[in-house]
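Down below is the structure, laid out as structure tokens.
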Amino acid sequence: MPIDAGILIDWFDERARDLPWRRADCTAWGVLVSEIMLQQTPVARVEPIWHEWMSRWPVPSALAAASQGEVLRAWGKLGYPRRALRLHEAATAIATGHDDIVPSDVDTLLALPGIGAYTARAVAAFAYGKRVPVVDTNVRRVVARAVHGAGDAGPASVTRDMADVEALLPAAEAPAARFSAALMELGALVCTARTPRCAACPVSGSCAWQRAGRPAYAGPAKAVQRYAGTDRQVRGLLLDVLRGTEEPVSKRRLDVVWPDAGQRDRCLASLLTDGLAEQTADGRFALPGEHS
């Protein structure tokens, strides 16, 4: 077996980061909020915002009662702000359709707005101790190396990736959920993309990649995400203006954030389309739900 579950769980018990959403007193709602926030965002940026949200909105109905504008303002600089609106929608569905309790069943979780395959399984495993494969980028990389002997994971395949992880899970639910968390932590802390620390890896002795001499990744080149000059950056600058004031702002206030008028107007239009901003009756702009 390329990954010994017992060894990896023991390592996790000893070395795992003490994160608030992993603690025994964290609710399933706290786990769900953390999973949405952690998508494409480092733990260090998420943790203080997560604490603020859980203090302010400790249950789904509390978040559901907030306006979209309040939610976007509280999201701050976490990036990809549509996640905040999806979380708001999910909170509303949980409050109205599930008695304010986050569901434990994967299919029921998947039926919530904005909850995808990864998030549904992560909540089922990490909040409720279910035996379900939880696959993110870190897990895919660990499996590619330890099981398949490849330098990194190739293009994602939900069916194949789920089957790969399913085959590694212990039979019992609680150890399987613990193993899922350990697998993810191993990829985040040790089996990293650029500088894996194989000497510190608890399962290096059985790792197929290690045994093969750590061959370089030979698959398709991965796209490098840039930020400077992209629509993402411009959208963020426009949202910064809207978050920074309680009153609607004129188009002139928004025009100063970016010199390219075409790109700026395109980004503003996309914010309106995505429901991240709205135009008031007098032609000014604001966060949604605050001045309509």
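No value in this document is a laboratory result; all are computed from the given coordinates. In this text the structure is predicted, and so the values were computed from the model without any measurement. Glycine also receives a Cβ, built like all others from the backbone with ideal geometry; neighbour counts cover every protein chain displayed.
Candidates (1) 91, 41, 31; (2) 67, 45, 31; (3) 58, 44, 35; which is the computed Cα extents along the principal axes in Å? The calculated read-out lines up with (2).
Please report the projected area of the stretch 231-286's Cα convex hull averaged over all directions, in nm².
On the way: hull surface 13.8 nm².
One quarter of the hull surface, i.e. the mean projection, equals 3.4 nm².
If exposed means no more than 11 neighbouring beta carbons inside 10 Å and the site is in a DSSP loop, what's the longest run of the chain without any exposed trypsin sites (Lys or Arg not before Pro)?
On the way: sites that count: R17, R23, R194, R197, R226.
That would be 24-193.
Taking each DSSP H run with n ≥ 4 as -39500 (n - 2.57) and averaging over every residue of the chain yields -16000 deg cm²/dmol at 222 nm. Other residues lying with their Cβ under 11 Å from the Cβ of G244 contribute a combined charge of 0, Lys and Arg counting +1, Asp and Glu -1.
Extent of the stretch 26-170 along its three principal axes (Cα atoms, max minus min coordinate, largest first): 49, 31, 23 Å. The alpha carbons of the stretch 119-186 stretch over 32, 19, 19 Å along the principal axes, in descending order.
If you add up the charges near T195, with Lys and Arg at +1 and Asp and Glu at -1, over every other residue whose beta carbon is less than 15 angstrom from its beta carbon, what do you get? Around T195, the surrounding residues sum to +4.
Counting charges near V139 (Lys, Arg +1; Asp, Glu -1) among other residues having Cβ under 12 Å from its Cβ returns a value of -1.
At 0.36 nm per residue, minus the direct Cα-Cα distance, what do S157 and T27 gain on full extension? Give it in nm, one decimal, please.
Working: separation 130, 0.36 × 130 = 46.80 nm, distance 3.10 nm.
Full extension of this stretch gives 43.7 nm more.
Give the angle, between 0 and 90 degrees and rounded to the nearest 10, that separates the Cα long axis of helix 137-146 from the longest principal axis of the Cα atoms of the chain. Approximately 20 degrees, to the nearest ten.
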